[in-house]
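The values are calculated or read from the model by the stated rules, or taken from the named source; none is laboratory data. Being a predicted model, the structure only gives us computed values, none of them experimental. Positions of Cβ are generated from backbone atoms using ideal geometry, with glycine treated the same way; all protein chains shown enter the neighbour counts.
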Amino acid sequence: MESKEKVENIRNYLKEENKEKCVELYTKELNDNSENLLEIYKSYIIDSISNWHEEFEENRLSIWQEHVRSSILRTLVECSYPCVIKLASKKEKKNKKVLIASPAEEKHDLGARIVSDYFELSGYNSIYAGNTLPLDTLIEAIKYEKPDFLALSVTTKYNFIFIMKIIDGISERFPDLKIYIGGQGIKGDVDCLKNFKNVEIMDLNQILNEGADK
Ligand code: B12
């Protein structure tokens, strides 16, 4: 079967909320083409979500259905983890630890979870500390994990303010800790970041290409 057809197949099963079939086809694809994990992530997961909001805006998709679909995709991401470990073991280790999190109120977590795997695949030791993380909890995590840098994800643009609170709080307590931020919620006016020398906007390609070594 052509790869385009295979992707279409999974997307249709996703629309039908058929988790069993999605997992069956996805794991088969992973077994057959594990070396292509990044392409599989892109076409089966990242790109599959991109037009959901159109269905949503046309009232063809309700929030609970988005929950069902995104939960299926989350399962597919977790199914990929053995493959992530296998590919990461062939990569030169960077001996650097990244702590990944999303700020308070940010409920979207698929992006951050995928970012965690991209860091692993690029030779970093990555710890995904979860979504909706208040500043105090993140500070606890930093003290315990002692990461070399932070990667924060924000999807909802209204939650950008919570990223700013985290940047403020972390920069005050850990002035030398580099903070990378990414996600859909960052598009637009980011002048407020100019005062923070330790903060940089990052995207997925940068993790794979330059990494966090600049
Ligand atoms: C799935 C989804 C949900 C799921 C989330 C499930 C989950 N566990 O994550 C559920 C149903 C829970 C949900 C809830 C809501 N959602 Co929603 N959701 C989406 C949807 C359809 C997909 C988001 C997603 O997972 N994308 C896939 C991932 C892989 O992509 P990503 O998050 O962009 O991450 C990638 C990059 O941005 C980057 N990246 C991300 N973070 C970082 C960090 C670093 C350091 C780096 C390097 C890279 C990076 O890498 C990732 C991989 O490519 C989008 C629409 C869309 N097409 O994006 C709306 C969307 C994000 N949601 C939206 C809204 C408004 C909401 C709600 C407020 C709706 C409501 N009324 O209840 C709530 C609550 C949100 C909250 N408080 O946080 C809006 C946001 C609007 C805006 N301008 O901010 C969107 C854009 C829909 C829309 N068009 O209106 N949502």
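I'd like to check something: does the range 76-99 contain any residue that is crowded, with 21+ Cβ neighbours inside 10 Å and under 21 Å from Val199 (Cα atoms)? Among the residues of the range 76-99, at least one is crowded, with 21+ Cβ neighbours inside 10 Å and under 21 Å from Val199 (Cα atoms), which makes the answer yes.
Taken over the range 82-106, the residue count meeting the criterion of being touching a residue at least 40 places away in the same chain (Cβ under 8 Å) and either out of contact with any Gly (no Cβ under 9 Å at 6 or more places or on another chain) or outside any loop (DSSP other than H, G, I, E, B) (or both) is 12.
Applying the criterion of at least 1 residues that are within 18 Å of the chain's Cα centre (by Cα) and at pLDDT 95 or above to the strands (runs of 3 or more DSSP E) found wholly in the range 109-214 leaves 125-128, 149-153, 178-182. When the range 135-167 is filtered for residues that are of a type in the set (Phe, Trp, Tyr) and within 9 Å of the ligand (Cβ to nearest atom), the ones remaining, listed by number, are Tyr158, Phe160.
State whether the residues of the range 163-177 include one that is within 29 Å of Ser89 (Cα to Cα) and surrounded by 14 or more Cβ atoms within 10 Å (Cβ to Cβ). Within the range 163-177 (the criterion being within 29 Å of Ser89 (Cα to Cα) and surrounded by 14 or more Cβ atoms within 10 Å (Cβ to Cβ)), the answer is yes, since at least one residue qualifies. Of all the residues that make up the range 27-66, how many are of a type outside the set (Phe, Trp, Tyr), in a helix (DSSP H, G or I) and farther than 30 Å from Lys86 by Cα? The total comes to 7. Inside the range 198-212, residues that are farther than 13 Å from Ile186 by Cα, of a type in the set (Asp, Glu) and within 9 Å of the ligand (Cβ to nearest atom) make up a count of 0.
Among the residues of the range 22-45, the one identified as surrounded by fewer than 16 Cβ atoms within 10 Å (Cβ to Cβ) and within 9 Å of the ligand (Cβ to nearest atom) is Lys42.
Restricting attention to the range 46-72, the residues that are of a type in the set (Lys, Arg) and within 11 Å of the ligand (Cβ to nearest atom) add up to 1.
For the range 182-214, a residue qualifies if it is within 21 Å of Ser50 (Cβ to Cβ) and without any contact (Cβ under 8 Å) to a residue 40 or more places away in the chain, and the qualifying residues are Ile186, Lys187, Gly188, Ile201, Asp203, Asn205, Gln206.
Go through (1) outside the structural domain of Thr156 (by TED's automatic domain parsing); (2) farther than 19 Å from Lys4 by Cβ; (3) in contact (Cβ under 8 Å) with a residue 12 or more places away in the chain for Asn18 and report which single condition fails. Condition not satisfied by Asn18: (3).
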